Amino acid sequence: MSILLLGGSPAAPSSTGRLLDHVGDKLAALGHRNTKLNVRDLPAKALLHADFADLALKRAIDAVAEADAIVIATPIYKASYTGVLKAFLDLLPQDGLKDKLVLPLATGGSQSHMLALDYALRPVLHALDARQVFTSIYATSQQLTWSDVSGLAVDTAIAWRVQAGVDALSAALNALRQQPEDVFVASAQPVRLAR
């Protein structure tokens, strides 16, 4: 089972990227393999012009297709997720998240933007046919503090939500891992009514 950490922040470094890395580290500690893709690293011209011939863009879309789960992170600007993330999600096929587990993360300047995940991002994730979208995790910049010496410090309330999200995603991935790959389902036979 593989997890793609999908970063939608246009800035580096950022609180969003640090929170995404924090979640990735927790998943790795539970034995889950993950890779990271920052949308800002894709060629801007190819992204904005939907140049599917661009190799970097093709690899990014393939990374989404190959992942079993996606942890998607974005800062909230103007009550919505970032435009660079929107540009990338628009390039995915209509069922681009089919059978995928998705854990959404977001950061913002205040609690007033907390519902942006549920009103702006969640409908897009469902429209892309995600198997399951877990409870969103939102943190303000006051709840995430960075030190070059000790790294990311996460407020207790957010740490609890992060752990709950990581545990839920891990349990779902482990359940998928245990399912047989080829499940035979007999075709339905017509019912014959006696006369």
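Nothing in this text is a laboratory measurement; each read-out follows from the coordinates by a stated rule. No experiment lies behind these values; they were computed from the predicted model shown. Backbone-built Cβ (ideal geometry, glycine too); neighbour counts: all protein chains shown.
Below are the figures for this structure:
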quantity	calculated
Exposed chymotrypsin sites (Phe, Trp or Tyr not before Pro) absent: longest stretch of the chain, with sites in DSSP loops and at most 11 other Cβ within 10 Å deemed exposed	53-183
Inter-centroid distance (Cα atoms) of region 1-49 relative to region 96-144, Å	14
Under 20 Å from the Cα of K78 - aspartates and glutamates, other chains or at least 8 residues apart	D90, D118
Phi to ³J(HN,Hα) by Karplus 6.51 cos²θ - 1.76 cosθ + 1.60 over region 136-145, Hz, x for Gly, Pro	5, 10, 10, 9, 8, 5, 6, 8, 10, 10
Positive dipole terminus of the chain, leading residue within A127, S150, Q178 (C-beta point charges)	A127
FRET E, pair V149, D62, Förster distance 30 Å, beta-carbon r, rounded to 0.05	0.20
Across K58/K86; K36/K86; K26/K100; K36/K100; K45/K98, pairs whose alpha-carbon gap is larger than 21 Å	K45/K98
About the Cα centre, charge dipole magnitude for region 74-166 (Lys/Arg +1, Asp/Glu -1 at Cβ), debye	120
Dipole moment magnitude, nearest 20 debye, region 1-115 about Cα centre, only Lys, Arg, Asp, Glu C-beta charged	260
Label-to-label distance, nm, for residues given as Q94 and A50 (7 Å Cα→Cβ offset)	1.3
Protection proxy ranking of 70-76, 12-18 - average other beta-carbon atoms within 10 Å, highest first	70-76, 12-18
Simple label model, 7 Å out from Cα along Cβ direction - R131 to Q178, nm	1.4
Percent of beta bridges antiparallel (DSSP, region 21-135, rounded to nearest 5)	20
Distance histogram in 5 Å bins (all Cα pairs of the chain, percent per bin)	1, 7, 15, 19, 19, 14, 9, 5, 3, 2, 2, 1, 1, 0, 0, 0, 0
Cβ-derived FRET efficiency at R0 25 Å, D167 paired with S141, nearest 0.05	0.50
Additional length obtainable on full extension of the chain from A159 to S2, 0.36 nm per residue less Cα span	54.2 nm
Within the chain: Cβ-based charge dipole about Cα centre, in debye rounded to nearest 20 (Lys, Arg +1; Asp, Glu -1)	380
MRE, 222 nm, helices only [DSSP H, n ≥ 4, -39500 (n - 2.57), over the chain, to nearest 500]	-10500 deg cm²/dmol
Quotient of C-alpha Rg and 2.2 N^0.38 Å, computed over region 98-137	1.19
